[in-house]
Amino acid sequence: MVGIIMGSLSDRKVMQEAADILTELGVAWEMDIVSAHRTPEKMVDYAKTARNRGLRVIIAGAGGAAHLPGMVASLTTLPVIGVPVKSSNSMDGWDSVLSILQMPAGVPVATMALDGARNAGILAAQIVGTSDAEVARQLAQFKENLKEKVADMSRQLMDNE
């Protein structure tokens, strides 16, 4: 249901967080390396065939110039979630953030925080959950678990005072 793509294998550690949360929420996903600069034909094919292959959302992670999310968004009508990745050739990640954030009108990309693949996975699940009752149920339980974790932290804080 969710495609997770990235420009380089070095992005895998960050992007795996999206896959992990999607798995936890019961959402099927696929993952691939699709470089906007080194494999543009593969990128075009991936984006143009995504819907017919059953994808409902694409999460695209990229560092440096970070063209992948925007280019994919220009080629599909599926929602695209961009994850700026702080890479070795990055200027503290800001180049990636701004490249994904500053999309022209008509080509939106939902932009996550730097290295924010976990939130990208959650947002993708929320999109899927708008039409999948089981995913919506899993998300509701996930949110309840977050509340319980905060309550536990609050109790721990009070116990330490």
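The values are calculated or read from the model by the stated rules, or taken from the named source; none is laboratory data. If you're wondering where the values come from, they're calculated on a predicted model, not measured in any experiment. Ideal geometry is used to build each Cβ from the backbone, glycine not excepted, and the neighbour counts take in all protein chains shown.
Testing Val80 on (1) over 14 Å from the mean Cα position of the chain (by Cα); (2) at pLDDT 95 or above, one condition comes back false. Which one is that?
(1)
Within the stretch 117-161, track down each residue that is in a helix (DSSP H, G or I) and small (Gly, Ala, Ser). First the steps, then the outcome.
Here is the first cut: in the stretch 117-161, the ones in a helix (DSSP H, G or I) are 117-129, 133-159.
Passing the criteria: Ala117, Ala120, Gly121, Ala124, Ala125, Gly129, Ala133, Ala136, Ala140, Ala151, Ser154.
Picking from Ala120, Ala136, Ala124, Ala151, which residue would you name as being of a type in the set (Gly, Ala, Ser), free of Cβ contacts under 8 Å to residues at least 40 places away in the same chain, closer than 23 Å to Met1 by Cβ and surrounded by 10 or more Cβ atoms within 10 Å (Cβ to Cβ)?
Ala136
When you scan the stretch 110-120, do you find a residue that is under 18 Å from Val27 (Cβ atoms), modelled with pLDDT of 95 or more and of a type in the set (Asp, Glu), even just one?
Within the stretch 110-120, not a single residue is under 18 Å from Val27 (Cβ atoms), modelled with pLDDT of 95 or more and of a type in the set (Asp, Glu).
Looking only at the stretch 94-107, decide whether some residue is modelled with pLDDT of 95 or more and in contact with a Leu (Cβ under 8 Å, 6 or more places away or on another chain).
No - not one qualifying residue is present in the stretch 94-107.
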